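The next block holds one structure in the form of structure tokens; read it before the comments.
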Amino acid sequence: YTWGEDLENAWFKIYDEIVVASGYHARLLSSTRNLNCPIRVIPWKVEVPHIKVKKENIIVFPHRLNEEKQPDLFFKIADELRDPDWKWIRAKDENLNKQQYYELLAKSKICISFSLQETFGIAMAEAVMLGCIPLVPDRLAYKEMYPIDFTYEDITVLKRKIELFTNKDCDVSQPLRKLQYKFKTQNDDFFDNLF
């Protein structure tokens, strides 16, 4: 039983339609709630400020420091890989305002998620839009949002991909640009005709 379930159920009874950002979220609601209205999937159109900074050897964790995001795994993996040429930064440890947060993402090269619960993936999508190479678990909403280049099945695969992406000869610019384009333009027709 969740704290907001009664409130959410009341909303579901009065709405004509429910709009969610992922097929995963739609399936989750359909399988756990008694809905009286249809669900429509409209992925987030991600917009971030244009920030021009030089990329640095930074791997960033852009999430809240909640248990469901598994923030402790971030430094555990950093300790295991022990690469002195790379800085590992959890954004929430830095006490940044929104502009500083975007600047951190813009200068970071890689962003990582370990999420056990994710229906929208906004933090990772913002990082991608600011040029970070994403590494996400092959589960939840991430499964439908990210190509296999950027997903991992387990920690062993994650470590291999980190080692690959931190190699200066590795070039994932083409799949990253495709992903950025997808996040930037998804549902343009819907948003353009909203008002």
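The values are calculated or read from the model by the stated rules, or taken from the named source; none is laboratory data. Being a predicted model, the structure only gives us computed values, none of them experimental. So basically every Cβ, Gly included, is an ideal-geometry build from the backbone, and we count neighbours across all protein chains shown. These accessible areas exclude ligands, DNA and RNA; they are computed on the full protein's heavy atoms, side chains included. Shrake-Rupley method; radii C 1.70, N 1.55, O 1.52, S 1.80 Å.
Taking amide H positions as modeled 1.01 Å from N, with prolines and chain starts lacking one, the residues under 5 Å from Trp88 and 5 or more places away or on another chain are Ile59. Ranked by the mean number of other Cβ atoms within 10 Å per residue, highest first, peptides 3-15, 145-157, 77-89, 53-65 order as 53-65, 145-157, 77-89, 3-15.
Within straight-line reach of Lys92, meaning a Cα separation under 20 Å, sit the following aspartates and glutamates at least 8 residues removed in sequence or on another chain: Glu56, Glu67, Glu68, Asp72, Asp79, Glu103, Glu118, Glu126.
Take the Cα of Lys178, step 7 Å toward its Cβ, do the same at Arg40, and the gap between the two points is 2.9 nm. Karplus-based coupling profile of region 77-85, in residue order and whole Hz: 5, 4, 5, 6, 7, 6, 10, x, 7, with θ = phi - 60° in 6.51 cos²θ - 1.76 cosθ + 1.60 and x standing for Gly or Pro. Applying a 4.7 Å Cβ-Cβ cutoff to the chain leaves Cys37, Cys170 as cysteine residues with no disulfide-compatible partner. Here the accessible area is traced with a 1.4 Å probe on the protein chains. For the chain, carbon and sulfur cover 51 percent of it.
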